[in-house]
Amino acid sequence: MIIRTDFPYETTREDVRIPLSDGVELYARIWRPVTDGPVPALLEYLPYRLTDWTAPRDWQRHPWYAGHGYASVRVDVRGHGCSGGRPGDEYDARELADGVAVVEWLAAQPWCSGSVGMFGISWGGFNSLQIAALGPEALKAVVTVCSTDDRFDNDVHYMGGSVLAVDMHAWAATMLAFAARPPDPLYAGDGWREQWLDRLEGVEPLVHTWLSHQTRDDYWRHGSVCEDYAAVGAAVLAVGGWHDPYRDTVLRLVEHLPADRVRGLIGPWSHQYPDRGLPPGPAIGFLQETLRWWDHWLKGEDNGVMDEPLLRSWISDSHPPATVYAELPGRWVGEKAWPSASVIPVPYGLQGAPVEVASPQHTGLDAGRFFPFGNDADLPPDQREEDAKSACFEFPVGEGEPVEILGRPAVTLRLRLDVPYGQVVARLCDVAPDGSSTLVTRGALNLSARHGRDRAVPWPTGAYEDVTFELNGIGHAFAPGHRIRLSLSSAYWPWIWPRTGSEPGWTLDPAGSEVTLPVRARSAGDDGIAFGEPEQSQPLGVVHPDTLDEPRPERLVVRDVARGTWRLEVDPRYGGTRVYPDGLEFSEDAVEVYEIQEADALSASTRSQWKVRLRRPDLGWDARVETRSEIRCDEGGFLTSNEVVCREGDEVVFHRTWERRLPRTAG
């Protein structure tokens, strides 16, 4: 990592409030170069609190952009951080309209040239695309990282038409804890307490809305740019990582957006910016790559950025299973078009007699984290235990060249169900000669969604049907002498919430089934892609003090042998205790618990607890937020429970609980 202090421009920083038409003001931090004339503006627009939570990350990139001749702007979404108003749903119409207004406000400033770019990872990548689809004239280019174009089937709520238990629960609980946090009086001023209390009156657990829409309806179509790619007029640099759940969006964007204003980049990374150096690597000089993008689209420089391949992607070599890798072996390759002429779909037929698959309900505990962030326990361990609970089919890789795949594998399965509902999960694994099984990619299908994600169609009991679905995209080379293993299971907890009555599983007829791999022909021109060393600006200087708390395992699996119960305890490790240079003492602690009995789908339950404390001793300010969130399911539907307790000092200033029953109509 190169820490830059010598930039082409000196920079300044100021905090401002951006006025909106309804009187609400959004809190913004602006880094600008010291110049004689106007410059383009870059916007990152998030709910994640610019004065504390994202401040360390912001300091790595916003001053760097300013030092290279851009006004770089970080804005908190309405109802979060020090912005006014009440929090809403993710990417709701109000948030997007506010974003358009911010773009227009930036373009109208005397220090702005009138050209604006947007960038962001995850939430900020989402709303960058969505605001671009609304067409503000000043928004010329976007860099969207680890984001999605499909809010229903490629987000944290549903997967293959099934409720994504692990993050439907965890992310709703996380956002409840975020929305309940107070404005910081150092920046919000004397009215912070009234602003906090008003905000708390508007807090609503988002899980209520998400579980009320169990098929792909108008709620999910809103904000899904895949509904109309032509609406995105800005140039788009789409970036993802093979260990991020949103990477398929990059493949769809380079396929559906005009080739003269889109480029795609997929590395080996987790859910992180590619310059941060968090595992798995290798990291790249991502800020330099984006600077080339901005210089071309916002300053009109002919710098060759559009001469790059349409899609640059990392192909990982075979590697042993592990929950963390500093760097993965492999290489960069480029495709001039997508779909690529060098990638050929190759079917592998399954063999054998019909097999009954009724996986134990705890199949999936070795799935790894849905959102890997670069922590030590994020990635899936050896898959042999999961494979033992699945139906497995293997295809040997002969001597000579590896079998290299790039894109989305697909499976066609001939299934029979004796119950109306079921789920199927397909995992593609790389099996080494020593028997170790490394997860390459996976996919899932709620069998009631087999005719479309917009409807739920019960299975005709006792009948065979063919179903086809894709696995997540991947770039991987299976080494000679290894085996390609397809593993099929009827359960995958806690990623997939089990359907009541699905315990009997299904019967697979291999004679009518196959897996199709996107096999890529190696090219002599593959070796020409390279990136610079990662650069960042000087870090903020946050201190992480030692505490007396006993460290909690990141992922702990506990088995109650007598009860047949399995419990997964997860510490998401978002940041812990830290002290900021401006004097803020910040601590947060979160734990997620997922529990299930191995033979009972109705036993599934999730629980999350958050404890957050923000303290400024010099101001005599001490605020605490505690939340609790739970989900269970019975024969009739989902049962959710949420609680928020907020304190200023020892005084409870807010306490509310929510209990909801939400019918299970699909999912």
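Every number in this text was worked out from the coordinates using simple rules, so none of it is lab data. Computed from a predicted structure; not experimentally measured. Because the Cβ atoms are built from the backbone with ideal geometry, glycine has one as well, and the counts that use them run over all protein chains shown.
Scaled against the 2.2 N^0.38 Å expected of a compact globular protein of N residues, the Cα radius of gyration of region 293-348 reads 1.64.
Compare the Cα positions of PRO518, PRO87, ALA108 along the charge dipole of the chain (+1 at Cβ of Lys, Arg; -1 at Cβ of Asp, Glu; about the Cα centre) and return the one farthest towards the positive end. Result: PRO518.
Charge tally for GLY304 (other residues, Cβ to Cβ under 13 Å; Lys, Arg +1; Asp, Glu -1): -4. For the chain, the residue among PHE654, LEU46, SER340 whose Cα projects farthest onto the positive side of the dipole built from Cβ charges is SER340. The residue among GLY636, ALA623, LEU584 whose Cα reaches farthest toward the positive pole of the charge dipole of region 543-663, with charges on the beta-carbon of Lys, Arg, Asp and Glu, is GLY636. Residue ranges 587-597, 338-348 sort as 587-597, 338-348 when ordered by packing (mean number of other C-beta atoms within 10 Å per residue, highest first). Under the membrane-span-like helix rule (DSSP H runs whose alpha carbons stretch at least 15 Å along the helix axis, mean Kyte-Doolittle hydropathy 0.0 or higher), the chain yields 93-108, 123-134, 165-179. Taking every DSSP beta bridge that has both ends in region 260-410, the antiparallel portion is near 60%. The mean sequence separation of alpha-carbon pairs under 8 Å and at least six residues apart, normalised by the residue count of region 1-151, gives a relative contact order of 23 percent. Rounded to the nearest 20 debye, the dipole magnitude of region 543-663 is 220 debye, with +1 charges on Lys and Arg beta carbons, -1 on Asp and Glu beta carbons, and the Cα centre as origin. Normalised by the residues of region 345-525, what does the relative contact order come to in percent, with Cα pairs under 8 Å and at least six apart? Relative contact order for region 345-525 comes out at 41 percent. If R0 is taken as 45 Å, the Cβ-Cβ distance between THR35 and GLU401 corresponds to a FRET efficiency of 0.25.
With +1 assigned to the C-beta of every Lys and Arg and -1 to the C-beta of every Asp and Glu, and no other charges, what is the dipole magnitude of the chain about the Cα centre in debye, to the nearest 20?
Result for the chain is approximately 540 debye, rounded to the nearest 20.
Enter the Cα centre distance for the pair region 141-205 and region 607-667, rounded to the nearest angstrom. Rounded to whole Å, the Cα centres lie 13 Å apart. For the peptides 194-202, 250-258, the ranking by packing is 250-258, 194-202, with the highest mean count of neighbouring Cβ atoms within 10 Å listed first. Note on region 254-387: with charges restricted to the Cβ of Lys and Arg (+1) and Asp and Glu (-1), its dipole about the Cα centre is near 320 debye.
The alpha-carbon of LYS140 sits under 28 angstrom from the alpha-carbons of these lysines, leaving out residues fewer than 8 places away in its chain: LYS299, LYS336. Rounded to the nearest 500, the 222 nm mean residue ellipticity of the chain from helices alone is -4500 deg cm²/dmol, with -39,500 (n - 2.57) taken per DSSP H run of at least 4 residues. In percent, rounded to a whole number, the relative contact order of region 10-335 is 14, using alpha-carbon pairs under 8 Å and six or more apart. For the pair region 529-573 and region 388-432, the centres of their Cα atoms are 30 angstrom apart.
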